[in-house]
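Input: a single structure, listed below in C-alpha cells.
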Amino acid sequence: MMTRMGRVARVAAAAAWAWGAAGPSVSWGDEFAASLSGLQQAIRASAANMGVGAFTAAPGEVQAPVPGGRRADREDRRNNRIYEMAARSTLIISAGNAVGSGFIVDPSGLVMTNAHVISGDPAHVTVTLPDGTQRPATVMAAAPGRDIAILRIDGARRDWPALPFGDSARMVPGFRVYAMGNPTNLGISFAQGMISRPNQDRFTPWLDHIQSDLQIHPGNSGGPLLDNRGRVVGMNSMITGMGGRLAVSIGANDLQTALSEFRRDGALVDGDLGATLASVPDGPPFVTAVGGARAREAGMRIGDTPLKVGGDDVTATGSDASRGVRRAFARKRPGETVEVQVRRSIAATVVLHGTTPGAADTTAAVHIINASGVAYLPPAASNRPILMAASFGQEIKIKVGEDEYPAELLQAANTGMAILKIKEDSGWTGTFQTDNLKVRVERYAMDLTRPSSEE
C-alpha cells in the first residue's frame, strides 16, 4: 500500500510537471521561480528514492515520471546476485536416462537431490558442474519415502561452494522464492515465484511440502528453492495441478534433518509399520494385511484399527485417514520399539443363503472394524458369489455368534475384497476391545543405495 508520503510525492510530481508544461505564457516572479526550482529538485530526489519513477528532465525542466526507478533497479540487481550465488552450486544430475538437478550442501562435495532423479540407475550417476565439466558421483544415501538422496562428487576436492540453508518454517504465503534447475534438460536456469501454501501435507505421509506458483518443469527436480537472501528454503520435487501450474518443494528443515541423519548414521532410512492400511469414507484406517515379521510378532491382526502411536493420537477419517499412522512410523528409526494402541475388530461371518431348495449357503470370514458396523471382507476367490449377489441387490447377512443382521455392500474390488456395513435398523450393537502392542519399526522396503544384486 502506498504511504502518505508516496502519495504526496506523486501529486507534487504531477503538479510540478503541470506547472512546467505551462511554459513561458505564465509569468512567475524570480523569487517564486527559484522556490519552484528547489521544489522540483526535491521531488525528483524523493520520487527516485521511493521508486516512484526516474526523472529525465533537463536542467530547468520537469517531466512526468518514467516507470522503473531505483527500486526496480535494486530488485533486478538483487535477483541477479541470488542467481550468481546459486549458479555456482547448482548441478545437473544424470542417472541412466533420467536427468534432473541437485545442489552442493557441504564443501566436501555432498550434493542433495531427489531420490527419484537417481532411482533409474543409482550405480552410474554423473554431475555436470557450472563450467560444463562432468564428474562421476556416488550415491551415499537415499530415502525414497521422503524422496531425498545424498551424493558425493568423486575426487579429492574439499572446497566446493555450498549453498546456505534458511528456515522453511518461516515461509508464509506471499513470500517471494526462486528456483534453480535444469528444466527439460535445457541447462541451469532461474525462475521467480511466490509461496501459495507453506505446509502442504497431501503429497506424502513423510513430509510437509511448500507449494508455490513457480514455473518449473521436468528436470527441475532436485534443484534448490531459494529465499530473497539466496538461502535454500526447499528442494523442488514435483509439479501438479492443471497444466503443472503448481510447484511442490520439500522444506529445508526436512532436508537439514536428513543431512544430520546422514552425518550421524551414514545412511537415510524410512521407518515403516510393516502392515497395509486402508480406509473407508468417513471411517478410520484399519489393517488389511500384515506383511512385516515385526508387526506379526507384536500380535497385529487384520482388522485392527490403530488409535495411538507412541502415545500420539492417529485417529482420522476420510480418503487419506491412514496418513497419520504412516507418518508416525516413517519418522521412527527401524528397530526402535513403539507402543501402538489398536482397537480389535470383531470376528464375524458374511452369509449368502442358498436361493434354491437344497442349495448350500455361501459364507466367508469378515472383520467388523467399528461401532457403525462397517466390516472388511479380505480378498478371496470364494467371496465372488457373495459380491455378485450383493451387487444385484440380493440380501446378504453378517452373522455374529448365533445372530444374523442384514448388511449392504459399500465397496467391492475384482480381487474379492469388499467393505460391507450392517444396516442401521438391524439392532446390532458391538463391544470392542483395545490392546497395546509393542511393535518394532520396520525398514521401508526400497533402498536405492544397495547394489542391484541385493535388491
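When ARG294 is tested against the conditions (1) buried (at least 22 other Cβ atoms within 10 Å of the Cβ); (2) in a helix (DSSP H, G or I), the lone failure is (1).
For every residue, the table says whether it meets (1) closer than 30 Å to GLU442 by Cβ; (2) at pLDDT 95 or above.
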residue	(1), (2)
VAL105	yes, yes
MET112	yes, yes
GLY120	yes, no
HIS124	yes, no
THR128	no, yes
GLY132	no, no
ALA137	yes, yes
ALA142	yes, no
ASP147	yes, no
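Among the conditions (1) crowded, with 21+ Cβ neighbours inside 10 Å; (2) farther than 30 Å from ASP76 by Cα, the only one that SER221 does not satisfy is (2).
Might you check whether a residue that is closer than 30 Å to ASP265 by Cα, touching a residue at least 40 places away in the same chain (Cβ under 8 Å) and not acidic (Asp, Glu) occurs anywhere in region 307-322? The answer is yes; a qualifying residue exists.
From the list LEU151, LEU186, the one residue that fits, being free of Cβ contacts under 8 Å to residues at least 40 places away in the same chain and assigned by TED's automatic domain parsing to the domain that holds VAL248, is LEU186. Within region 327-382, considering only strands (runs of 3 or more DSSP E) that don't extend past its boundaries, which have at least 3 residues that are touching a strand residue (DSSP E or B) at 6+ places or on another chain (Cβ under 6 Å) and without any contact (Cβ under 8 Å) to a residue 60 or more places away in the chain? Counting at least 3 such residues, we get 346-352, 362-368.
Filter region 375-386 down to the residues that are hydrophobic (A, V, I, L, M, F, W, C) and surrounded by fewer than 22 Cβ atoms within 10 Å (Cβ to Cβ), then identify the one that is nearest to ARG343 (Cα to Cα). My answer is ALA380.
Would you check which residues across region 144-160 are part of a loop (DSSP other than H, G, I, E, B) and surrounded by 13 or more Cβ atoms within 10 Å (Cβ to Cβ) and list them? Across region 144-160, the qualifying residues are PRO144, GLY145, ARG146, ASP147, ASP154, TRP160. Within region 106-143, if we keep just the residues that are in a loop (DSSP other than H, G, I, E, B) and of a type in the set (A, V, I, L, M), the residue that is nearest to GLY181 (Cα to Cα) turns out to be LEU129. Counting the residues of region 247-287 that are outside any strand (DSSP E or B) and closer than 18 Å to ARG323 by Cα gives 11.
The values are calculated or read from the model by the stated rules, or taken from the named source; none is laboratory data. Since this is a predicted model, take the numbers as computed values, not measurements. Using ideal geometry, Cβ is built from the backbone for each residue, glycine included, and neighbour counts are taken over all protein chains shown.
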